[in-house]
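Reading through the structure tokens given below for one structure.
The values are calculated or read from the model by the stated rules, or taken from the named source; none is laboratory data. None of the values given here were measured: they were computed from a predicted structure. When we count neighbours, we look across all protein chains shown, and the Cβ atoms used for this are built from the backbone with ideal geometry, even at glycine.
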Amino acid sequence: MPGTIDIFPDLMPPAFSEGLCDWSRGDGTPDTPTYETARNARLARNDVDFGDCLEVRKVDPVQRLRYMGEVPVPRGGFIEFGARVKAVRGPLPQVRAAAFAGGMHATVIGDLPLLGPVVSVESFERIHVVRAVIGPMALPGVDLVWDARALYAHVGLDILGPENSVVRIERMIVREVTRNFLPGRVPLPGFEAEGYVIR
């Protein structure tokens, strides 16, 4: 493990109910269009599983959702990001965690892996967990290996598959999970399909 590890105790983006101006339809960088005025997205209130959440209809070949805030990538550490999602109507889609890697002076680091595992949504209203881990080395459980050039990330999801799929997303969760990868440490509990909810 690297000798120096940065710790960021609270990496959580705001809930969707606080406004969609912080959520990009592109890669999350400034000046990309947001979901605030998007005609294919809305806040769904009082969902039986998610409470207030984001509902998105897929209209692009890859329907992107990125948090426009810069999530710091801990030096020598690991972060996990993801969300609970479900399909509510239309064709059943696929969903993956995805991120933008940013470096010094807002440079784009395009040669790092940016896409997490693809999750196939198998039925309507069934909750699926979509997540990925960013880390500095290829270890079991690390999906995106980023080197020291990456200082921050714009994290989010991609919706794949047929157009007009309608997906609800509970909220984007980001947390530092370095202790999961240290010898002898008890791992943090993961995102669970039932019960792991942050309101």
Return yes or no: is ASP6 acidic (Asp, Glu) and either more than 30 Å from ASN180 (Cα to Cα) or modelled with pLDDT under 95 (or both)?
yes
ALA106 being aliphatic (A, V, I, L, M), surrounded by fewer than 14 Cβ atoms within 10 Å (Cβ to Cβ) and on the phi > 0 side of the Ramachandran plot:
yes
Leading residue by the ranking (farthest from ASP10 (Cα to Cα)) among those in the stretch 135-189 that are hydroxyl-bearing (Ser, Thr, Tyr) and modelled with pLDDT of 95 or more:
SER165
Scanning the stretch 8-25 residue by residue, the ones that are among the small types (Gly, Ala, Ser) and surrounded by 17 or more Cβ atoms within 10 Å (Cβ to Cβ) total 2
